[in-house]
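**Student:** Attaching a single structure in structure tokens format; questions to follow.
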Amino acid sequence: MAKHVAVLFGGWSSEREVSLRSGASCAKAAEERGYRVTRIDVDRNIAAVLADVKPDVVLNVLHGRPGEDGTLQGILEVMQIPYSHSGVLASSVAMQKDVAKDMFRAKGIPVPHGSVVSRFDAAKEHLLPRPYVLKPIAEGSSVGVFIVREDQEHPPQELYRDDWKFGDLILCEKFIPGRELTCAVIGDRALEVTEIVPTVRFYDYEAKYADGGSKHIVPAQILPNVYQEARRLAAAAHNALGCRGVSRTDFRYDDSVGGTAGLYCLEVNTQPGMTETSLVPELAAYAGISFGELVQWMIEDASLNR
């Protein structure tokens with residue numbers, strides 16, 4: 001009998017739309033690989049839905065909360081349903097960018113200088129020399145991110161808004177000029193490195209997901225020693241957080257600095273986008289792994305105590 005896979009997607013985070021697309025692509029690929037698939041758009045009744053569906057495994061294709069922050073992983077552990085991607089601890093730590101940065105530093109992985117600040121203080125005055133970056137502690141897809149440029153007299157006043165929904169504490173970080181790089185890890189294997197060239201001012205939500213928002217260069221056209229260091233650091237960051245399955249590590253590379261000194265780790269995505277044209281499937285395809293093979297690998301890799 002075919003393995004019964006529940007593909008979880010959607011949810012209520014700010015990344016719902018791309019999760020719907022990821023889920024549709026993965027469910028279709030899983031069916032084409034011979035699995036029995038149940039598609040579930042996740043709501044707060046998810047435990048009851050899973051108890052009724054009774055899948056053999058869960059393919060978790062949620063982005064943001066609750067699918068990426070350890071919450072859903074905890075439910076699946078309690079219900080004893082094997083699942084894909086990282087476990088409770090790695091997921092929650094990766095989602096908390098400030099905690100993840102502390103863990104990266106402890107392992108010698110370079111990160112941009114910065115600190116956690118009140119959004120009200122950040123709106124009042126410049127807390128770092130310009131340019132610098134302000135971003136939510138626990139959001140993905142560059143949601144709620146501001147790059148404060150040299151010519152901006154005042155900090156972003158949007159931080160004062162009553163409908164600000166990303167928490168009262170935010171990260172204030174030095175802006176790293178240069179290039180945007182990313183590297184996927186599958187299991188214990190770091191794949192190749194992609195350079196992302198946005199066609200807008202920076203790689204924000206629109207650049208990530210809108211048609212023509214960015215151009216992906218695989219493999220990244222950077223010096224071989226920098227290229228291999230990005231791969232090494234992606235694996236090191238994945239392991240530092242205790243990630244499992246598939247992850248993607250994002251970097252900034254200041255190529256005006258000699259050697260690898262300009263390479264900085266920004267974050268690890270434990271639930272990266274999974275449409276057929278997303279960065280991880282694109283890197284897998286370059287390594288000779290088809291989208292269907294990647295989805296099958298994630299399903300077969302599913303387990304508990306991750």
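The values are calculated or read from the model by the stated rules, or taken from the named source; none is laboratory data. Note that the structure is a prediction, hence the values are computed from the model and not measured. Cβ coordinates were reconstructed from backbone atoms using ideal geometry, including for glycine residues, and neighbour counts include every protein chain displayed.
A quick yes/no check of all residues on (1) at negative phi; (2) of a type in the set (Ser, Thr, Tyr); (3) crowded, with 23+ Cβ neighbours inside 10 Å; (4) touching a Gly at 6+ places or on another chain (Cβ under 6 Å):
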residue	(1), (2), (3), (4)
GLU31	yes, no, no, no
GLY34	no, no, no, no
THR38	yes, yes, no, no
ALA47	yes, no, no, no
VAL53	yes, no, no, no
GLN80	no, no, no, no
VAL93	yes, no, no, no
GLY108	no, no, no, no
VAL117	yes, no, no, no
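**Student:** Please state which of the following conditions ASP43 fails to meet, knowing it meets all the rest: (1) surrounded by fewer than 19 Cβ atoms within 10 Å (Cβ to Cβ); (2) over 16 Å from LEU304 (Cα atoms); (3) touching a residue at least 40 places away in the same chain (Cβ under 8 Å); (4) of a type outside the set (Val, Ile, Thr).
**Tutor:** Evaluating ASP43 over (1) surrounded by fewer than 19 Cβ atoms within 10 Å (Cβ to Cβ); (2) over 16 Å from LEU304 (Cα atoms); (3) touching a residue at least 40 places away in the same chain (Cβ under 8 Å); (4) of a type outside the set (Val, Ile, Thr) leaves (3) as the failure.
**Student:** If I filter the range 168-184 for residues that are assigned to a strand (DSSP E or B), touching a residue at least 40 places away in the same chain (Cβ under 8 Å), over 18 Å from the mean Cα position of the chain (by Cα) and over 19 Å from LEU233 (Cβ atoms), do I get at least one hit?
**Tutor:** Checking the range 168-184: at least one residue is assigned to a strand (DSSP E or B), touching a residue at least 40 places away in the same chain (Cβ under 8 Å), over 18 Å from the mean Cα position of the chain (by Cα) and over 19 Å from LEU233 (Cβ atoms).
**Student:** Of the residues GLU139, GLU153, which is among the charged types (D, E, K, R), touching an Asp or Glu at 6+ places or on another chain (Cβ under 9 Å) and either crowded, with 22+ Cβ neighbours inside 10 Å or assigned to a loop (DSSP other than H, G, I, E, B) (or both)?
**Tutor:** GLU139 is the lone residue from the list that is among the charged types (D, E, K, R), touching an Asp or Glu at 6+ places or on another chain (Cβ under 9 Å) and either crowded, with 22+ Cβ neighbours inside 10 Å or assigned to a loop (DSSP other than H, G, I, E, B) (or both).
**Student:** Same structure, new question: Is there a residue being under 24 Å from GLU282 (Cα atoms), at pLDDT below 95 and of a type in the set (A, V, I, L, M, F, W, C) anywhere in the range 6-15?
**Tutor:** Within the range 6-15 (the criterion being under 24 Å from GLU282 (Cα atoms), at pLDDT below 95 and of a type in the set (A, V, I, L, M, F, W, C)), the answer is no, since none of the residues qualifies.
**Student:** Still on this structure: It is to be established whether one or more residues within the range 38-47 are among the hydrophobic types (A, V, I, L, M, F, W, C), modelled with pLDDT under 95 and over 17 Å from ASN269 (Cβ atoms). Before you say what the answer is, go through the steps one by one.
**Tutor:** Going through the range 38-47, the residues among the hydrophobic types (A, V, I, L, M, F, W, C) turn out to be 40, 42, 46-47.
Going one step further and asking which of them are modelled with pLDDT under 95, we end up with none.
Scanning the range 38-47, I find no residue that is among the hydrophobic types (A, V, I, L, M, F, W, C), modelled with pLDDT under 95 and over 17 Å from ASN269 (Cβ atoms), so the answer is no.
**Student:** Return the residues of the range 58-68 that are charged (D, E, K, R), surrounded by fewer than 24 Cβ atoms within 10 Å (Cβ to Cβ) and under 11 Å from the mean Cα position of the chain (by Cα); say none if nothing qualifies.
**Tutor:** none
**Student:** Here is a further query. Specify the residue that is nearest to PRO198 (Cα to Cα); the eligible residues are those in the range 209-265 that are basic (Lys, Arg) and in contact (Cβ under 8 Å) with a residue 24 or more places away in the chain.
**Tutor:** That would be ARG252.
**Student:** Could you tell me whether GLY87 is within 16 Å of the chain's Cα centre (by Cα), in contact (Cβ under 8 Å) with a residue 12 or more places away in the chain and crowded, with 16+ Cβ neighbours inside 10 Å?
**Tutor:** Against the criterion (within 16 Å of the chain's Cα centre (by Cα), in contact (Cβ under 8 Å) with a residue 12 or more places away in the chain and crowded, with 16+ Cβ neighbours inside 10 Å), GLY87 qualifies.
**Student:** Still on this structure: Go through GLY74, GLY87, GLY67 for me and flag whichever is in contact with a strand residue (DSSP E or B) (Cβ under 7 Å, 6 or more places away or on another chain) and within 22 Å of ALA240 (Cβ to Cβ).
**Tutor:** Criteria check complete, one pass: GLY67.
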